[in-house]
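Scroll down for the structure; my scribbles are underneath it.
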Amino acid sequence: MTSNKQERLGELNSQMSKCSKCTLRPGCTRVVPGEGSAEAAIMFIGEGPGKKEDELGRPFVGAAGKFLDEMLGLINLKREGVYIANVVKCRPPANRDPLPEEVEACWPWLMGQIKIIDPKLIVTLGRHSMERFLPNQKISEVHGKAMRREIPEIGKRVFYTLYHPAAALYNGSMREVLIKDFQRIPKVLEKIEREKSEK
Ligand code: URA
């Protein structure tokens, strides 16, 4: 059965595919809205589509995505059980960092996705995703820490910051840290649920 949330998310994502609010769209092949369950308790937010994502219109399907899938497996999750999206939905040319104005142009789409999914936990992947939600933080200091923040469009939310899988892929020590942080996600979620039930 298709849930009402899934339908609303599908509708939002198809509107996104027609977006031309910044200059990334003419330079990319496909818009990559995101994928997964509209009922997800956990939403992962990366930076922006890479080459493979741009070709397929799906997030995290290259080498970093394979690593993300492996880490999801370590905590008994599959990508169908979570939601995976990016701060920008169109590939920046030559994989450059998204510009602040591109992130801002895309922001309402991401806010719309979060409002529909209403995840219990938002996991930011990498510095750029972290920076938009938790400005003025150093990822080396805040990775693996859950933080509650109020974001005007979506209210109070719990954020959990991780290193980006692509950055950690070929860096042995960062990879170890990322895996350890990732494995704490179920505990972070349990704590959120426990605190909610005690309210
Ligand atoms: N890196 C990202 O940040 N997002 C993707 O979808 C793929 C790689």
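The values are calculated or read from the model by the stated rules, or taken from the named source; none is laboratory data. This structure is a prediction, so every number in the text was calculated from the model and none was measured. Cβ atoms come from the backbone with ideal geometry, glycine included; neighbour counts cover every protein chain shown. Surface accessibility is based on the protein's heavy atoms, side chains included, excluding ligands, DNA and RNA. Shrake-Rupley method; radii C 1.70, N 1.55, O 1.52, S 1.80 Å.
Considering the range 1-50 alone, what residues qualify as being assigned to a loop (DSSP other than H, G, I, E, B) and over 19 Å from the mean Cα position of the chain (by Cα)? Met1, Thr2, Ser3, Lys18, Cys19, Ser20, Lys21, Cys22, Thr23, Cys28, Thr29 - these are the residues of the range 1-50 that are assigned to a loop (DSSP other than H, G, I, E, B) and over 19 Å from the mean Cα position of the chain (by Cα). Scanning the range 161-187 for residues that are more than 16 Å from the ligand (Cβ to nearest atom) and in contact (Cβ under 8 Å) with a residue 24 or more places away in the chain, we see that the one that is surrounded by the most Cβ atoms within 10 Å (Cβ to Cβ) is Ile185.
Rundown of residues vs (1) out of contact with any Leu (no Cβ under 6 Å at 6 or more places or on another chain); (2) more than 14 Å from the ligand (Cβ to nearest atom); (3) farther than 25 Å from Glu195 by Cβ, yes/no style:
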| site | (1), (2), (3) |
| --- | --- |
| Leu77 | yes, yes, no |
| Val82 | yes, no, no |
| Glu102 | no, no, yes |
| Met111 | yes, yes, no |
| Ile117 | yes, yes, no |
| Thr124 | yes, no, no |
| Lys145 | yes, yes, no |
| Ile151 | yes, yes, no |
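When the helices (runs of 4 or more DSSP H) confined to the range 53-160 are screened for residues that are closer than 19 Å to Gln15 by Cβ and either open to solvent by 20 Å² or more (accessible area, probe 1.4 Å) or in contact (Cβ under 8 Å) with a residue 60 or more places away in the chain (or both), those reaching at least 3 such residues are found at 100-117. Could you please let me know if Met43 is open to solvent by less than 20 Å² (accessible area, probe 1.4 Å), within 16 Å of the ligand (Cβ to nearest atom), out of contact with any Asp or Glu (no Cβ under 8 Å at 6 or more places or on another chain) and over 23 Å from Pro93 (Cα atoms)? For Met43, the condition - open to solvent by less than 20 Å² (accessible area, probe 1.4 Å), within 16 Å of the ligand (Cβ to nearest atom), out of contact with any Asp or Glu (no Cβ under 8 Å at 6 or more places or on another chain) and over 23 Å from Pro93 (Cα atoms) - is met.
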